[in-house]
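The values are calculated or read from the model by the stated rules, or taken from the named source; none is laboratory data. None of these values were measured; they are calculated from a predicted model. Neighbour counts run over all protein chains shown; Cβ positions are idealised from the backbone, glycine included.
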Amino acid sequence: MPLFLAQWWDLRDLGNAAGAFLEWLGDWGPDWLPYTVSAIVGCLAIVLFLVPSQFVFAWAERRLIGRIQSRLGPNRVGPFGLLQTVADTIKLLTKEAITTRNADRWVFWLAPVVVLVPSVVVFAVLPFGEGMIVADLNVGVLFLAAVGSVNAIVVFMAGWSSNNKFALLGAMREVAMLISYEIPQVLALLGVVIFTNTMSLGGIVRWQDHYNTWLLFLQPLAVVVYLIAGSVEINRTPTDIAEAESEIVAGYHTEYSGIKFGFFYAGEYFGGFAIAAIVATLYLGGWSLWGLEEWVPGWIIFLAKLYAVFWLFMWMRGTLPRLRIDQLMGFAWKFLLPLTLINIFVVGLEVLLWQENDLAAGVVLPAFAVTNLVLAVVLTVAWARLLGHARPGLRPRRARLMQELGAIVYGQES
Amino acid sequence: MTDVGTVVAFWMLAVITVGAALMVVAVRNLVHAVLFLVLSFIGVAGLYITLSADFVAIAQILIYVGAISVLIIFALLLTPRASRDNAETFLQGPALVLAAVFGLTVGAVALVTDWDVAGRGPFSETAAAIGEALLDKYVLPFEIASVLLLAAMVGAIVLVRED
């Protein structure tokens, strides 16, 4: 990045201004002051980006899904219904936050607060621009997986403490889903790590910038797997069995009302932004865009990519019907897991071939991209046909665990 | 452990870890005990970070908070009579004795051992070094552990299979 001037007034990377300010602070104050201030500034920046985005997208999503489903969507409060979210927030704030009599008081109160933590913390390791990263961890990719896995505990806290059968069923469904989809999700991330040879997210973006490519092209299968697994993690509609309205009221947050429900609602959006940001960073090149980042600030490019991926989630929500729990669980174990394992094997082979023979990246990477795309299509079709044509005797007779978790397996109700 | 931040972080994390661990034993409700156990695990992960072992810290969260405690929760909710209370048990006396002996041993070893003080700074990157060690020097234990886990997985599938 030769053109980055590293001057505080260079707004193409807000990290410059923050860095200059911290340097000045370090000269002037004690040693620990820059660290503390940078942590506070980083947290504020993340929240200042998340909350307005949530306000806008809560409205945009309802309008978009309205259009997709031939409805109007909110259009009464303000121009185009723009103030709908504000009205909803005021409503949530003024409504009574009921704690049911038999709820476990402490855990019931704690869950809506903790639910925001994992999705906000994810942004600490994501680069908004070349220097705009709160903490460029050496183990960034692993950090994403670890933080995602904490969600299971939070959902369980909410569901169990409500002392309500629908809440508990929803929580157990969500926990079962999360631990199943965590495996293909992490395996999808591993392909990226093998290619870039680093787990630092800043390093992964720099790798994509250096080779002038996106990992989307090198890892087409992994992107799809990650998007599906991510959509399960934030339980949005095609995969929202944890809060399936027609089956278990609202799942783990059935008993929550008022602002406590508002926290879960915001948490869902924050989680969605987090997954979209991870996809934008790992697979879509983060703040880099083939030289355009010299002219347009990197953080604007990053946010544009993030919102584009989130728009994909909204599209999925508007068009796809909800999957059944046993279908979703089987999909993770029988379809995504084998495919991601094969993907990792192939990536390992390719990187070995590339580095052992010292081939030129300009020749090798396009070849890998074509190979992987063909492989992704062939594998998906072949595996689907294989599963679809399995003899009836090979298919499980009934989804036992699924039924115990509260699913109705159609045709086998007895 | 000279700079202020590390010392403050160490004592805060130590209080969280030990306090939460004590609460695991003290609270009556088993689900609360699991949640305190999670807090204790997070405290331990923080302690690893103060030791600049970032990979181990993240692995601690991923494995213990994300997986082991979820396993404990499943075990709790799927066992009858559980999740009601941390009942009285006739093993209280022996357990206390065992805990005291264990504590004494660990404390004595910690005091007696002539600890090496690390002269070098923090590691620049631990993940690559751990990976290299696992697949090079310690490949045999690593493979044995893999086979053991595979056997456990096959065993679990055989146990729940119905025919």
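Summed over segment A:280-293, the residues that are in contact (Cβ under 8 Å) with a residue 12 or more places away in the chain and surrounded by fewer than 22 Cβ atoms within 10 Å (Cβ to Cβ) give a count of 2.
Select from segment A:257-314 the residues that are in a loop (DSSP other than H, G, I, E, B) and among the hydroxyl-bearing types (S, T, Y) and write down the one among them that is farthest from A:M199 (Cα to Cα).
So the first thing to find is which residues in segment A:257-314 are in a loop (DSSP other than H, G, I, E, B), and the list is A:257, A:283-291, A:295-297.
Keeping just the survivors that are among the hydroxyl-bearing types (S, T, Y) gives A:257, A:283, A:288.
Values: A:S257: 40, A:Y283: 14, A:S288: 18 Å.
For segment A:257-314, the residue satisfying everything is A:S257.
Residues in segment A:90-118 that are at pLDDT below 85 and of a type in the set (G, A, S): A:A97, A:A103. When A:F57 is tested against (1) assigned to a helix (DSSP H, G or I); (2) surrounded by 13 or more Cβ atoms within 10 Å (Cβ to Cβ); (3) without any contact (Cβ under 8 Å) to a residue 40 or more places away in the chain, just one condition goes unmet, and that condition is (3). If only residues of segment A:291-313 that are in contact with a helix residue (DSSP H, G or I) (Cβ under 9 Å, 6 or more places away or on another chain) and of a type in the set (F, W, Y) are counted, the one that is modelled with the lowest pLDDT is A:W299.
Can you find, within segment A:90-110, the residue that is farthest from the chain's Cα centre (by Cα) among those that are at the interface with another protein chain (Cβ under 10 Å from one of its Cβ atoms) and part of a helix (DSSP H, G or I)? Write out each step before concluding.
Within segment A:90-110, the first condition is being at the interface with another protein chain (Cβ under 10 Å from one of its Cβ atoms), and the residues that meet it are A:104, A:106-107, A:110.
Applying the additional criterion that residues be part of a helix (DSSP H, G or I) yields A:106-107, A:110.
Working: A:W106: 28, A:V107: 25, A:L110: 23 Å.
Looking at the filtered set, the residue picked out is A:W106.
Against the test of being of a type in the set (S, T, N, Q) and free of Cβ contacts under 8 Å to residues at least 24 places away in the same chain, the options A:S70, A:S119 yield a single qualifying residue, A:S70.
Selection over segment A:144-166 of residues that are more than 8 Å from chain B (Cβ to nearest Cβ), farther than 20 Å from A:Y269 by Cα, assigned to a helix (DSSP H, G or I) and touching a helix residue (DSSP H, G or I) at 6+ places or on another chain (Cβ under 8 Å) gives a count of 2.
The residue list A:V409, A:V364, A:V347, A:V351 contains one member that is at pLDDT below 85, part of a helix (DSSP H, G or I) and either touching a helix residue (DSSP H, G or I) at 6+ places or on another chain (Cβ under 9 Å) or under 30 Å from A:A250 (Cβ atoms) (or both), which is A:V364.
Residue check: is A:D136 charged (D, E, K, R) and either within 30 Å of A:P34 (Cα to Cα) or in a loop (DSSP other than H, G, I, E, B) (or both)? Considered against the rule, which asks whether it is charged (D, E, K, R) and either within 30 Å of A:P34 (Cα to Cα) or in a loop (DSSP other than H, G, I, E, B) (or both), A:D136 comes out as yes.
Quick check: is even one residue across segment B:14-28 more than 15 Å from the chain's Cα centre (by Cα), within 12 Å of another protein chain (Cβ to nearest Cβ), assigned to a loop (DSSP other than H, G, I, E, B) and aliphatic (A, V, I, L, M)? Scanning segment B:14-28 turns up at least one residue that is more than 15 Å from the chain's Cα centre (by Cα), within 12 Å of another protein chain (Cβ to nearest Cβ), assigned to a loop (DSSP other than H, G, I, E, B) and aliphatic (A, V, I, L, M). Within segment A:230-241, can you find the residues that are closer than 15 Å to A:V115 by Cα and either among the basic types (K, R) or crowded, with 24+ Cβ neighbours inside 10 Å (or both)? Scanning segment A:230-241 gives A:E233, A:N235. For segment A:66-86, a residue qualifies if it is of a type in the set (G, A, S) and surrounded by fewer than 14 Cβ atoms within 10 Å (Cβ to Cβ), and exactly one does: A:S70.
Sort through B:L91, B:L77, B:L96 and tell me the only one that's at the interface with chain A (Cβ under 9 Å from one of its Cβ atoms) and either of a type in the set (A, V, I, L, M) or more than 16 Å from A:V139 (Cβ to Cβ) (or both).
On the way: B:L91 fails: at the interface with chain A (Cβ under 9 Å from one of its Cβ atoms); B:L96 fails: at the interface with chain A (Cβ under 9 Å from one of its Cβ atoms).
Going through B:L91, B:L77, B:L96 in turn, just one is at the interface with chain A (Cβ under 9 Å from one of its Cβ atoms) and either of a type in the set (A, V, I, L, M) or more than 16 Å from A:V139 (Cβ to Cβ) (or both): B:L77.
Kindly evaluate A:A158 against the criterion of being modelled with pLDDT of 85 or more and under 15 Å from the mean Cα position of the chain (by Cα).
Working: modelled with pLDDT of 85 or more: yes; under 15 Å from the mean Cα position of the chain (by Cα): no.
So A:A158 fails the test.
Scanning segment A:73-93 for residues that are in contact (Cβ under 8 Å) with a residue 60 or more places away in the chain and hydroxyl-bearing (S, T, Y) yields a single hit, A:T89. Do the conditions hold for B:G121, that is, is it modelled with pLDDT under 90, closer than 26 Å to A:N138 by Cα and outside any helix (DSSP H, G or I)? Yes: the conditions hold for B:G121. A single member of A:F143, A:F108 is of a type in the set (A, V, I, L, M, F, W, C), out of contact with any Pro (no Cβ under 9 Å at 6 or more places or on another chain) and under 30 Å from A:L289 (Cα atoms), and it is A:F143.
Taken over segment A:219-247, the residue count meeting the criterion of being over 16 Å from A:G272 (Cα atoms), in a helix (DSSP H, G or I) and out of contact with any Leu (no Cβ under 7 Å at 6 or more places or on another chain) is 4.
Take A:P118 and tell me if it is of a type outside the set (S, T, Y), crowded, with 21+ Cβ neighbours inside 10 Å and more than 14 Å from every other protein chain (Cβ to nearest Cβ).
Working: of a type outside the set (S, T, Y): yes; crowded, with 21+ Cβ neighbours inside 10 Å: yes; more than 14 Å from every other protein chain (Cβ to nearest Cβ): no.
No: the conditions fail for A:P118.
Quick check on my filter: what residues within segment A:136-155 are out of contact with any Ser or Thr (no Cβ under 6 Å at 6 or more places or on another chain), touching a residue at least 60 places away in the same chain (Cβ under 8 Å) and either of a type outside the set (V, I, T) or within 19 Å of B:L39 (Cα to Cα) (or both)? It would help to see each step written out before you state the result.
Start the filter on segment A:136-155 by keeping residues that are out of contact with any Ser or Thr (no Cβ under 6 Å at 6 or more places or on another chain), which leaves A:137, A:139, A:141-155.
Now narrow it down to the ones that are touching a residue at least 60 places away in the same chain (Cβ under 8 Å): A:137, A:139, A:141, A:144, A:148, A:151, A:155.
Result: A:L137, A:L144, A:G148, A:N151, A:V155.
When A:V141 is tested against (1) outside any helix (DSSP H, G or I); (2) among the aliphatic types (A, V, I, L, M); (3) within 20 Å of A:L227 (Cβ to Cβ), only condition (1) is not met.
Restricting to segment A:169-178, and then to whatever is in contact (Cβ under 8 Å) with a residue 40 or more places away in the chain and at the interface with chain B (Cβ under 9 Å from one of its Cβ atoms), can you tell me which residue is surrounded by the fewest Cβ atoms within 10 Å (Cβ to Cβ)? Before you say what the answer is, go through the steps one by one.
So in segment A:169-178, the residues in contact (Cβ under 8 Å) with a residue 40 or more places away in the chain come out as A:169-174, A:176-178.
Retained after the next criterion (residues that are at the interface with chain B (Cβ under 9 Å from one of its Cβ atoms)): A:172, A:176, A:178.
Numbers: A:M172: 24, A:A176: 22, A:L178: 25.
It comes out as A:A176.
The residues in segment B:42-63 that are within 10 Å of chain A (Cβ to nearest Cβ) and under 10 Å from the mean Cα position of the chain (by Cα) can be counted, and the count is 5.
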